[in-house]
Amino acid sequence: MKKSRPILWLLIIAAVASAGYYGWQKFGPEAGATKTAQKGPPRPPAVPVSVAPVQKLDFPVYLTGLGTVQGFNTVQVRSRVDGQIDKLAFKEGQIVQQGELLVAIDPRPYQATLDQAKAKKAQDEASLANANLELQRAMKLGEFATAQRVDTQRSTVAQLTAQIAADEAAIANAQTQLDYTQIKAPITGVAGLRQVDIGNIVNASTQTGIVTISQVEPITVIFTAPEDQLPYISEGQQAGALKVIAFTTDGKKTLAEGKLAVINNQVDTTSGTIRLKAVFDNKDHTLWPGQSVSTRLLVRTLKDATVVPDDAVQHSTNGLYAYTVNQDNKAEVHKIKVSYSIDGRSVVDEGLIPGQQVITGGQFKVQPGSLVSTAVASSDPAQNKVRQE
């Protein structure tokens, strides 16, 4: 028994050593390196991007520009007679109706002139009646009256008849001058700041007006367009009045919608533009004379155009390009041609087809062949929500 114990311990030690060597061979650093070599290099992480579909839809083509609002009619009210202002019958900024009294001028001198003309007519009518009686007496005398007397009396009657016609003209003129003392609104519109006060003397020869009236319902906007777009504008006008939208100068708020009314009869050779006039109903008075606005003129609508968000279009020294995502979730680059861009959307003439998914965000980390993880962005630029895939 004493001799067998050392042998037993030797066997135990040998078994432990064998087990340790086996474990070191299987799980040691060399074994880990061997497994790593068998698996290859680590796979790079997917690049997070936002994508949107390439769509096929009708695309409205607008011409943008700057315009100035003008009153449909603008009148500077002036006096046509001389005199002192007795009454101001309007308020500044008030909407006045056509024919409404604005200013009353002292009428007494003109009333006196009218009365004098009427009296002169009555006097001449009495003289004419007497001349007619004298003519009738001369004609009744027959051969006892000389021909000279009859002819003279007939001439007197004719002169007095003409004088009465002149009197009637003088009365009409005096009545007109009297009517001019009542200055009335020639159009319906908004009265501006008055230039005179009660008690001021006004003259017909003075160029300074009493007040300016601008018609704001409807109202017009004058704007310009490039001359190379004139054929498209003329073609669109033949099919019907083209729609014009007025915005604030920053383009953020829509003010009114109207119709193109007039294309100017000549192109401005200095700037290469054509002046256009649009008419707006302006019932809510969002447009005001003298106001600066941004304009959009709907020239035509492209049928079944290939449309992508503007964010998908990238720029390089070689031109425009866009990234798409294939079925393996890898990025592919496409050279593209863009013809129109408005409201956050672009029309692609070459390089993309409807149904493809274009990358709209995160392109700065993307290379051709990069693995990507996508979040689907709304095709409407006004919506920012995305759906993770």
| query | How much accessible surface area, in Å² rounded to 10, belongs to the heavy atoms of ASP304 with a 1.4 Å probe? | reply | 100 Å²
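Could you sort GLU235, GLU134, GLU92 by accessible area so the largest value comes first, with the probe set to 1.4 Å?
On the way: GLU235 120, GLU134 60, GLU92 90 Å².
Accessible-area ranking of GLU235, GLU134, GLU92, largest first: GLU235, GLU92, GLU134.
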| field | Table column - 3J(HN,Hα) (Hz), segment 256-272, Karplus curve with 6.51, -1.76, 1.60, x for Gly and Pro | value | 6, 10, x, 10, 6, 10, 9, 10, 4, 7, 7, 8, 6, 5, 5, 9, x
| note | With 0.36 nm assigned to each residue of separation and the Cα-Cα distance removed, ARG108 to GLU235 gains 39.6 nm
| HN-Hα J in Hz across segment 333-343 - Karplus 6.51, -1.76, 1.60, θ = phi - 60°, x for Gly and Pro | 9, 9, 6, 10, 10, 10, 9, 9, 8, 7, 6
| task | Work out from phi, with θ = phi - 60° and the Karplus expression 6.51 cos²θ - 1.76 cosθ + 1.60, the ³J(HN,Hα) of each residue of segment 59-66, listed in order in whole Hz, and give x for Gly and Pro. | result | 10, x, 9, 10, 9, 9, x, 10
| message | Under the rule a/c < 1.5 gives rounded, and otherwise a/b versus b/c splits prolate from oblate, where does segment 279-377 land using the Cα gyration tensor? | response | prolate
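Take the solvent-accessible surface of the protein heavy atoms, probe 1.4 Å, and return the percent of it on segment 91-209 that carbon and sulfur atoms account for.
Numbers: 3910 of 7420 Å².
On segment 91-209, the fraction of accessible area on carbon and sulfur atoms equals 53 percent.
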| Say R0 is 22 Å: what FRET efficiency, to the nearest 0.05, do ARG137 and GLN116 get from their beta-carbon distance? | 0.10
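Full-extension gain between ALA162 and SER271, please, as 0.36 nm times their residue separation minus the C-alpha to C-alpha distance.
Numbers: separation 109, 0.36 × 109 = 39.24 nm, distance 6.23 nm.
Net length gain for the segment: 33.0 nm.
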| said: Between ALA169 and THR208, what is 0.36 nm times their sequence separation minus the Cα-Cα distance? Round to one decimal in nm. | reply: 11.0 nm
| remark: Using a 1.4 Å probe on heavy atoms of the protein chains only, the accessible area for LEU160 in Å², nearest 10, reads 30 Å²
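Past 26 Å, Cα to Cα: identify those pairs from LYS184/LYS277; LYS253/LYS277; LYS303/LYS335; LYS259/LYS283; LYS56/LYS337; LYS252/LYS283, in the order given.
Among LYS184/LYS277; LYS253/LYS277; LYS303/LYS335; LYS259/LYS283; LYS56/LYS337; LYS252/LYS283, the Cα-Cα distance tops 26 Å for LYS184/LYS277.
Relative contact order for segment 182-303: what percent, with Cα pairs under 8 Å and sequence separation of 6 or more? Present the calculation step by step, with values, prior to reporting the outcome.
On the way: 187 pairs, mean separation 34.9, N = 122.
That works out to 29 percent.
The values are calculated or read from the model by the stated rules, or taken from the named source; none is laboratory data. As the structure is a prediction and not an experimental result, all values here were calculated from the model. Using ideal geometry, Cβ is built from the backbone for each residue, glycine included, and neighbour counts are taken over all protein chains shown. Calculation scope for accessible area: heavy atoms of the full protein, side chains included, ligands and nucleic acids excluded. Shrake-Rupley method; radii C 1.70, N 1.55, O 1.52, S 1.80 Å.
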